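Before any comments, here is the structure.
The values are calculated or read from the model by the stated rules, or taken from the named source; none is laboratory data. Please read all numbers here as calculations on a predicted model, not as lab measurements. Methodologically, a virtual Cβ is constructed for each residue, glycine included, from the backbone with ideal geometry; neighbour enumeration extends over all protein chains shown.
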Amino acid sequence: APNLSGRNFLKLLDFTPEEIQYLIDLSADLKAKKHNHEPHRYLEGKNIVLLFEKTSTRTRCSFEVGAMDLGMGVTYLDPKSSQMGKKESIEDTARVLGRMYDGIEYRGFAQSIVETLAENAGVPVWNGLTTEFHPTQMIADMLTVQEEFGRDLHGRKLTFMGDAGNNVGNSLMVVCAKLGMDFCACGPKEQMPSDELVAQCREVAKESGATITLTEDVDEGAAGASVIYTDIWVSMGESSDLWSKRIELLSKYQVNAELMAKAADDAVFMHCLPSFHDRNTTIGEDVFQKFGLPELEVTDEVFESERSRVFDEAENRMHSIKAVMYATLKNCR
Ligand code: CP
Ligand code: NVA
């Protein structure tokens with residue numbers, strides 16, 4: 001098995017297909033252990049810190065439960081309660097936390113921040129979501145896809161509908177390129193991944209046999225897709241003033257029953273969550289009231305349908321984050 005001991009987990013471009021598959025397999029393994037109530041306190045005595053500059057449900061809880069299952073202690077620092085970036089630089093924060101902890105998770109803004117933490121910490125740093133990438137989500141998502149379709153994903157089509165240049169869209173393009181899938185970003189030109197990232201993924205695709213397609217056409221995007229994936233139209237850290245513009249740009253990419261019918265017969269629906277498919281959210285209510293829209297990036301009908309895998313993905317976040325921590329911390333020091 002690949003040795004990831006001591007490595008950072010910042011973005012999947014840094015990992016080989018074999019290393020990514022190893023993390024998916026390890027996630028499946030740890031999932032089976034959890035379901036069988038088999039103890040796996042492999043990292044007893046270690047401690048980790050979670051630095052969150054944005055809110056979270058799944059990622060935070062996955063790191064906490066994963067760490068506790070592995071026997072580790074956890075400190076959670078919320079968006080307001082650390083000195084980082086205010087009274088203290090990122091570099092100094094990293095050097096301090098690296099003296100106390102065995103691993104550091106960061107969720108927040110620019111990818112450069114998590115890179116700076118990693119350069120200075122001296123212990124593994126894990127990216128729990130930045131503006132550009134969401135790599136832990138990808139291990140969970142590819143585990144979910146493999147649970148559905150088997151381990152060999154070559155030639156299988158995954159289409160991301162909507163805001164394709166966000167952290168989740170970018171990361172899906174990378175992981176699909178690594179694993180030899182046919183990735184399609186389906187959305188308006190304005191919201192596509194950067195030319196630079198597309199070029200990098202096309203290089204990766206040459207090796208893996210993947211394809212990368214960008215299209216504005218919903219029919220082309222949906223056709224033959226085994227996975228239809230979408231995400232919220234305005235991400236954390238973006239201004240809520242963007243909603244009207246995004247609704248105008250993205251409405252035709254809403255994942256509804258009509259769109260699902262254009263995909264492969266066995267297609268599944270995926271979403272990293274949280275989702276505004278239901279109006280019982282405060283932000284959702286604002287948007288619904290302001291724009292009079294009944295539904296946003298996905299309809300209730302699709303979200304609640306038998307093709308939806310969203311809660312499997314959410315559960316798999318925990319198993320896969322546990323795998324990332326275990327793989328990078330085992331045999332450390
Ligand atoms: N998918 C995901 O990262 O969810 P949270 O924002 O709740 O962590
Ligand atoms: N694109 C979303 C993902 C949330 C998990 C955001 O960044 O808010």
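Okay, here's what the table says:
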| read-out | value |
| --- | --- |
| Residue within the stretch 13-27 that is within 16 Å of ligand 1 (Cβ to nearest atom) and either closer than 18 Å to N127 by Cα or part of a helix (DSSP H, G or I) (or both) present | yes |
| Pair list, Cβ under 6 Å, 6 or more apart: the stretch 179-206 residue in contact (Cβ under 8 Å) with a residue 60 or more places away in the chain and farther than 19 Å from L250 by Cβ, other residue in a loop (DSSP other than H, G, I, E, B) and small (G, A, S) | G180/G209; G180/A210 |
| Within the stretch 126-150, tally of residues that are under 17 Å from L12 (Cβ atoms), of a type in the set (F, W, Y) and in a helix (DSSP H, G or I) | 0 |
| Options S320, S308, S275, S226; residue that is of a type in the set (S, T, Y) and away from ligand 1 (no atom under 16 Å from the Cβ) | S226 |
| Tabulated pairs, the stretch 54-69, first at pLDDT 95 or above and aromatic (F, W, Y), second more than 9 Å from ligand 2 (Cβ to nearest atom) and in a helix (DSSP H, G or I), C-beta under 6 angstrom, 6+ apart or interchain | F63/I321 |
| Scan of the stretch 161-171 for residues that are in contact (Cβ under 8 Å) with a residue 60 or more places away in the chain, within 11 Å of ligand 2 (Cβ to nearest atom) and not small (G, A, S), ordered by number | D163, N166, N167, V168 |
| Cross-chain or 6+ apart pairs with Cβ under 9 Å, the stretch 77-88 first and assigned by TED's automatic domain parsing to the domain that holds F52 and on the phi < 0 side of the Ramachandran plot, then of a type in the set (K, R) and assigned to a loop (DSSP other than H, G, I, E, B) | P79/K54 |
| Failed item, numbered, when A28 is tested on (1) within 20 Å of the chain's Cα centre (by Cα); (2) at positive phi; (3) among the small types (G, A, S) | (2) |
| In the stretch 266-309, the residues that are outside any loop (DSSP other than H, G, I, E, B), surrounded by 13 or more Cβ atoms within 10 Å (Cβ to Cβ) and among the polar types (S, T, N, Q) | S308 |
| Among residues of the stretch 200-248, those that are polar (S, T, N, Q) and under 22 Å from L129 (Cβ atoms), counted | 5 |
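Condition check ((1) within 13 Å of the chain's Cα centre (by Cα); (2) surrounded by fewer than 24 Cβ atoms within 10 Å (Cβ to Cβ)) across all residues:
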{"site": "P124", "(1), (2)": "no, no"}
{"site": "T130", "(1), (2)": "yes, no"}
{"site": "A140", "(1), (2)": "yes, no"}
{"site": "M161", "(1), (2)": "no, no"}
{"site": "C176", "(1), (2)": "yes, no"}
{"site": "M181", "(1), (2)": "no, no"}
{"site": "K206", "(1), (2)": "no, yes"}
